[in-house]
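Nothing in this text is a laboratory measurement; each read-out follows from the coordinates by a stated rule. Model, not experiment: these values are computed from the prediction. Neighbour counts run over all protein chains shown; Cβ positions are idealised from the backbone, glycine included.
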Amino acid sequence: MGLFFLGIALSIGLGLPIAVFGAGLGQGRVGAAAMDAIARQPEAAGKIQTGMIIALALIESLVIYSLLITFLLLPKVPNIDQVKELAPVVQPANR
């Protein structure tokens, strides 16, 4: 059971930051590619910008899904009393 709680805590603590970091990188690459494409073909700027906005919206939706999963898992993390019940009591060795 302790491993289960560890997995939930790690998924909440690391899942959203990794998703945000990946989305930031992806959005940066989309923006850079769109600016490069517009610089090469200025007459296609409208079509490129439309595609870029759709791609950015889809990338951002993945981050919102990750935030939703974080909020759904948050009540599953045990409080300190539950952790104390699960942790074995270590007795000091007699010397």
Exercise. State whether the residues of the range 47-60 include one that is of a type outside the set (D, E, K, R), in a helix (DSSP H, G or I), touching a helix residue (DSSP H, G or I) at 6+ places or on another chain (Cβ under 9 Å) and exposed (fewer than 11 other Cβ atoms within 10 Å of the Cβ).
Key: no
Residue 70 passes all but one of the listed conditions (1) out of contact with any Ser or Thr (no Cβ under 9 Å at 6 or more places or on another chain); (2) in contact (Cβ under 8 Å) with a residue 24 or more places away in the chain; (3) of a type in the set (S, T, N, Q); the exception is number (1)
Residue hits (the range 26-42; hydrophobic (A, V, I, L, M, F, W, C) and loosely packed, with under 11 Cβ neighbours inside 10 Å) are 32, 39
(request) Could you tell me whether the range 41-48 includes any residue that is of a type in the set (S, T, N, Q) and either touching a residue at least 60 places away in the same chain (Cβ under 8 Å) or closer than 30 Å to residue 86 by Cβ (or both)? (result) no
(request) Looking only at the range 20-32, decide whether some residue is in contact with an Asp or Glu (Cβ under 8 Å, 6 or more places away or on another chain) and assigned to a helix (DSSP H, G or I). (result) yes
Scanning the range 4-19 for residues that are exposed (fewer than 14 other Cβ atoms within 10 Å of the Cβ) and within 8 Å of the chain's Cα centre (by Cα), the one farthest from residue 70 (Cα to Cα) turns out to be 18
